[in-house]
Structures are given as structure tokens and as C-alpha cells.
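The values are calculated or read from the model by the stated rules, or taken from the named source; none is laboratory data. Quick caveat: nothing in here was measured; it's all calculated off a predicted structure. Here Cβ is always computed from backbone atoms with ideal geometry, including for glycine, and neighbour counts include all displayed protein chains. To get the accessible areas, we keep the full protein, side chains included, count just its heavy atoms, and leave off ligands, DNA and RNA. Shrake-Rupley method; radii C 1.70, N 1.55, O 1.52, S 1.80 Å.
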Amino acid sequence: MFQVNKSYFIQHLRKVFITKAILLSDPSHDNSYVVVLIFGYLSRLAFCKKGDSGWTILSGASQGYCDIIYINDLFYALTSDSSIEVWDFHASLPIKKREIHPSTTREMLEATKCFGNLHSCQTYLVESSGDLLLVLRYIGNFVNEEGEVVDEAYLLSGDSTQPLVCPYQTLMFHVCKLDSREQKWVGVDNLKDEVLFLGGNHSMSLLAQYCSGFEKNSIYFTDDNWNQMNEDDLYGGHDLGKFSLEEKIVKPFYACDLRRIDPPPFWIVPNPW
């Protein structure tokens, strides 16, 4: 009889079935805290309040969510078409306050056209000084040693049946700010004194003065390309670096090779208390 290792099953469940989970308040200070998660292959939303015996699928929600965040006492959910749903969880049952279908920026359209089928894009919601940011991360699916994005057919040379190592690699970021009144995303060229941290856990924005060794107006990222990591055992967890909004280039901030890093690194904010 075939048996699956328990730890393997838990890791698979976390990486594949549950995309992301967030707390809407601090359980140490709130006796009625709520957990909301993106789950399943359709990327649906479910929530669980303290005392509930199970999870409740969010009624009236869509499918295909990319990210979720809780700011200014409201829950924001990002859909695959870059629309935003705003929910209020203060009532006995969550209420959808509004849906925002913002127009895309010229830079977003140009980047989508430029990168094409050889790239993938991951999106993040980040709170920054009370504003809601949308961060787009453009990843080359196969990048060779010269930094060129190549087609999958390039991986097998004519002289050898051994596959070439051309792992995925983040190449660029684009940052937008939500203008809810005008119903549009506005491009952000400068984060000023702030630093963004993106990855498999909750994305965050912090002032550079409180982040010793990190440069302002930059995005630091770790590898959260779960689908690719689960499909290929050769590499994964390796795609980490720093993107300067001023220079518009990605640089490494940690020396590592292309071998698999498992589990992938992620960010931790120390609790000062």
C-alpha cells in the first residue's frame, strides 16, 4: 500500500491548495478575529471566525483571486483582471461594499505586449502610507546565463540530450497606485523613502530608515513561484533579488546559485514587543 509522508502532504497542501491566508486582526488583542484565505484550483475565497467549526466560502465572491490584503478596516481582494473587490467583515456576514474595475496604465499595456508568451506575471497588493499599491512582477520563464529569455525548445541542444539549465528569473517590476475616485491605476515611479518586500508571505512596505542595509525606493523579493517549483525538482526558491525603481534593473542581494532552495526563503518582521 502506497503511503504519503505527512510532512510532504502538508507542504503540498500549503503550496498548491492554499495560496494565501491572512489575519484581519491580531488574535492576542481581538477575541473575534477572522482568517481569510485564497484556496483551491479556482482560487476562491473562504473565511473562518474564532469559534467556527469550519470554513465558509465567501458568498458573492468571484473566482481567480491573485492577492488579498486588509487595510483601513476593509478587506481588498485582487482578481486576475486587476479588478478590486472591497469587503466589510464587521457584520455577522461579510458584505461586499463595492467593486472597482480600474483602467490599466500605459506602462502595464506596454509591458504586457513587450514580454509576451515567454514571460509570466505575478501581482501583489501592498499598503504604502495608506495607499493601495498594485505591484506587477515580470518573470522570464527560461533565462540563460547571458540573461536572455529563451524559448523552451532552446533547452535541448542539437549536440546533447542533456537539458540546459535555464531557470525562471524575475526581470522587471511595475508599480501602480489605486485612484478609487477616478477608477484607475496610476503609475508610481518613485517610492521615496520606502522599501517594498514581496514574497510567499504577506507583502509589506517599510521606511528605509527602519531597515538597516536596505535601499530606499527599491523592491526586495523572494521566490514564490509555487507552480513552477512543484513541476520541476531541479531548481526553485532561487529567484530572489532587489529591483531599484530608479535604475530599473534587478540585482542580487544574496549570493546563491541556481540549485533548489527548499523551503524557499521569505520575509519575517520582528515583533518589537
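Residues of segment 32-61 with an amide N closer than 14 Å to a point placed 7 Å from the Cα of Glu99 along the Cα-to-Cβ direction: 59-61.
Within the chain, what's the longest run with no GluC sites (Glu not before Pro) in a DSSP loop and at most 16 other beta-carbon atoms within 10 Å? Give the range, please.
Numbers: sites that count: Glu145, Glu146, Glu148, Glu182, Glu215, Glu246, Glu247.
It runs 1-144.
Roughly how many Å² is the accessible area per residue of segment 163-270, as a whole number, for a 1.4 Å probe?
On the way: 6010 Å² over 108 residues.
Roughly 56 Å² per residue, with all protein chains present.
Taking 0.36 nm per residue of sequence separation and removing the Cα-Cα distance, the Ser180/Leu109 pair yields an extension gain of 23.6 nm. Volume per residue for segment 48-97 equals 91 cubic angstrom (convex hull of Cα atoms). Dividing the summed helix terms, -39500 (n - 2.57) for each DSSP H run of n ≥ 4, by the number of residues in the chain produces a 222 nm estimate of -2000 deg cm²/dmol to the nearest 500.
Given the convex hull of the Cα atoms of the chain, what is a quarter of its surface area in nm²?
Working: hull surface 73.0 nm².
The number I arrive at for the chain is 18.2 nm².
When Asp239, Asp232 are compared by accessible area of protein heavy atoms, the largest-first order is Asp232, Asp239, using a 1.4 Å probe. Counting 0.36 nm for each residue step from Glu247 to Ser32 and taking away their Cα separation leaves a gain of 72.9 nm.
Relative to the dominant Cα principal axis of the chain, helix 106-115 is inclined by about 40°.
Take segment 26-77 with all the other protein chains still there, run a 1.4 Å probe, and you get 53 Å² of accessible area per residue. Cross-link pairs exceeding 32 Å in C-alpha to C-alpha distance, out of Lys96/Lys248; Lys20/Lys113; Lys50/Lys216; Lys96/Lys177, comprise Lys96/Lys248; Lys50/Lys216.
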